[in-house]
1. Out of the range 413-436, which residues are under 19 Å from Leu270 (Cβ atoms) and either at pLDDT below 90 or not in a helix (DSSP H, G or I) (or both)?
2. Taking the range 248-270, which residues are open to solvent by 20 Å² or more (accessible area, probe 1.4 Å) and either under 18 Å from Ala416 (Cα atoms) or in contact with a Leu (Cβ under 8 Å, 6 or more places away or on another chain) (or both)?
3. Out of the residues in the range 664-678 that are surrounded by fewer than 24 Cβ atoms within 10 Å (Cβ to Cβ) and in contact with a strand residue (DSSP E or B) (Cβ under 8 Å, 6 or more places away or on another chain), state the one that is nearest to Arg554 (Cα to Cα).
4. Would you be able to say whether some residue in the range 582-597 is small (Gly, Ala, Ser), open to solvent by less than 10 Å² (accessible area, probe 1.4 Å) and over 30 Å from Asn674 (Cβ atoms)?
5. Identify, please: which residue in the range 614-639 is of a type in the set (Val, Ile, Thr) and either within 23 Å of Thr271 (Cα to Cα) or at pLDDT 95 or above (or both) and is, among those, surrounded by the fewest Cβ atoms within 10 Å (Cβ to Cβ)?
6. Based on what the data block shows, is Glu681 in contact (Cβ under 8 Å) with a residue 40 or more places away in the chain, open to solvent by less than 10 Å² (accessible area, probe 1.4 Å) and not in a strand (DSSP E or B)?
7. Residues Leu54, Leu44: which one is in a helix (DSSP H, G or I), open to solvent by less than 10 Å² (accessible area, probe 1.4 Å) and over 15 Å from Ala215 (Cβ atoms)?
Amino acid sequence: MTSRRSSDAAPSVPSTAAAAAMPGPQRFLPPMLALFVGSGCAALIYEVVWFQLLSLIIGSSAISLGVLLATFMGGMAIGSLLLPRYVSLDKHPLRVYAFLELGIGLFGVLVLFGLPYVGGLYTAIGGSGVPGLLFRGLLCAIYLLPPTIMMGATLPAIARWVEATPQGVAWMGFFYGGNIAGAVAGSLLAGFYLLRVFDMAIATYVAVALNVLVALFALSLAGFATYRAPSLPARDAAAKLPPGAISVYIAIGLSGATALAAQAVWARLLTLNLGGTVYTFSLILAAFLTGLGIGSAGGSWLAKTVRDPRAALGICQVGLILAIGWAAYWLTEGLPYWPINPWLSSAPRFTFQIDVFRSSLVILPAAILWGASFPLALGAIASRDQDPGRLVGTVYAANTIGAIVGALFGSLLVIAWLGTQQAQRILVALSAVAALILLVPVVQTEARKLAFGARGVLKGALIVVLTFLVVRGVEPPPGMLVAYGRYMATRLHEQTEIIYMGEGMNSSMAVSLLPNGVLNYHNAGKVQASSEPQDMRLQRMLGHLTTLLPENPRSVLVIGCGAGVTAGAVSIDPAVERLTIAEIEPLVPEVVSTYFSKHNFDVINNPKTRVEVDDARHFLVTTDEKFDAITSDPFDPWVKGAATLYTREFFELVKQRLNPGGVVTVFVQLYESNLEAVKSEVATFLEAFPNGMVFGNTFNNQGYDVVLVGQLQPGPIDLARIDAKLARPEYTPLAISLGEIGMYSTVDLFATFAGQGNQLRPWLADAQINRDRNLRLQYLAGLGLNLYEQAYIYQDMVSHLSYPEGLFTGPPDMIDALRSRILWGGQY
């Protein structure tokens, strides 16, 4: 390329005063930047809301979210390609932009109000397997393609205001950066305020209002800004690719693929380091977008000042080799060993400050380089005789198509098949391929054969050596990180043996063995189940209450496999003929059948057991099967996505899947939680089951966790019937199982009673109900994951406990014994 004139250089966006002095249409460019800020903010609010809305219907598994993301980004790619082809150059860019924004806002409202109707259709038709997957994709396409096509068309539309010159390319990059800056604001606004304080409807209305304001501003600018369509060559000439454009498209596609795949990999590892709350995911997204915005601004300046934007783009890819290696080092060899104990924080805002720094340290270097790549790619193939909209649209589409591939393979396949270590090595290698394509020129010999020049061979060799060194330095995540997550540094002094560590499609898990022989099952960076007495008591209580309360529990559904102890407790009830386990992670049943078969009665291999690998909510929505009892032991409520299994609507769905006389039990943890979150869980459950009961599992005579019990047809609990059942020979394994957790009689089991609906209502007067439209629980629980207030929460819950007259029936001596035990506290 020829050298750029010094007069073309402009290190930053012009000020308002400078803009006023600009000739012709250029003086409208700075205010047009504001359009993209508002548009980007609205787009990210929609993205967060739509993903939550649709995941409630199609499930929150990696497959469902992959389909959602692919559809969302696919629509943007289609829009960027279609607008230059089907919207004439004669149309005023600002007016086109305004109508696109109004269309996005219109579809924002349609999605909000129309989703229940399409959701009902999916409930009737959708299912598992390939047909179900195809129908999920169709549902997403119906809802997401129209607005996302319009979102993708906005940048090519406004690009027609500028020429495909170095100066114009710089402004296109600034527009892209402004859009990302707005996206940062939108992700933080949605994740930390709108959805935490209000609900998805209010968040949607805010996004629609932003669309309308942006459209009105664009129309007002169009009234002042005279547009003259550029005179370009014939359509065929304009559509002809500039020399070297193919390699740039391939490189920017690889850049998009590595960016989205890295985001999936880093989110998996960062949530282990920070905790997998909705706030952490918002923080990761904001850090990623911030880096893209910074890089886009820098790349826009470089695109108009450097001699060879193609070479600069190639250097960015070389930088990505190092930046991905940098991130890999900090995620596995740096951050996990920092001497940080989140439990010492007196308020979430203090750990949030550290998390901002740690996320930025990992993400920003690579994100800045990815952000710079887009405007440099524009500069590398720009020429004055091009349609600017077509230029931006094709480069944006190539980048987005790469991002779709990266998101699907990164989140669905590579991590589950190869693990995060190999995934990051692949990302380094792909960045090297992009660098080689751009920086190693191919020359044509006299014999008309293609060959590499000597300088190109040297460059290629250096890139290959650098790639080899970085790839070799990428390490797998420490087993202790997978096991203990953000608390890893505090557990390093313990003699814990990690006997298994695996990375699945949805989560990473580990099994540890303590010196005293205790087995721990870890998922989401914490102990989810163990052979500790207090954990075994809870898991066995949950399973045995599930089958002892119904008259004839022939068919039982267990939500969440965990270590399989709860499912195992269900399986040994002789009345149970069919046991279904709904587990979102395919790796879990295999792991627990290997390591926990002694504690879970080898439930996975029991002939009566059927494992459904699916999001539990999606399974219940799409199955026609009904159950005599359902027990739910999902992830901690602060884990992003888990709150969908604690909503009022979910409990109503559970009721619909119960046979007459059916019973539902739900585990609620008191540790790593706060009073507001526990109240929300209990109050929401009691809205669906007004006569529901709470049974407590105490440790050292203090609160630890509880079991919620609901009956489809409330009635008294016949202690004599249960006592007689436990005395029968075929129930000996069940009686032994209860004895192993210190419950030697029916009275022992039900003495754990800790409250009933009418007793708990005064305590729950200020509780916030968790509904599908707000998923309030994940925001409440996300503020309490580093707290250990279980003793206080339980004491507050039972402060007004009294014996529930009429709830239990049986011989007078049994009732008297139970009454005294409940009033005494029934602790273990």
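1. Val414, Ile415, Ala416
2. Matches in the range 248-270: Leu254, Leu260, Gln263, Ala264, Arg268.
3. It comes out as Phe667.
4. No; the residues of the range 582-597 include none that is small (Gly, Ala, Ser), open to solvent by less than 10 Å² (accessible area, probe 1.4 Å) and over 30 Å from Asn674 (Cβ atoms).
5. Val639
6. Yes; evaluated as a whole, the condition is true for this residue.
7. Leu54
Rundown of residues vs (1) on the phi > 0 side of the Ramachandran plot; (2) in contact with a strand residue (DSSP E or B) (Cβ under 7 Å, 6 or more places away or on another chain); (3) surrounded by fewer than 22 Cβ atoms within 10 Å (Cβ to Cβ), yes/no style:
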position	(1), (2), (3)
Asn516	no, no, yes
Leu519	no, yes, yes
Ala529	no, yes, no
Arg537	no, yes, no
Thr547	no, yes, no
Asn552	no, yes, yes
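The values are calculated or read from the model by the stated rules, or taken from the named source; none is laboratory data. Bear in mind that the values here come from a model prediction, so they are computed numbers and not experimental data. Reconstructed Cβ throughout: ideal geometry from the backbone, glycine too, with neighbour counts over all protein chains shown. These area figures cover heavy atoms from the full protein model, side chains too; ligands, DNA and RNA do not enter into them. Shrake-Rupley method; radii C 1.70, N 1.55, O 1.52, S 1.80 Å.
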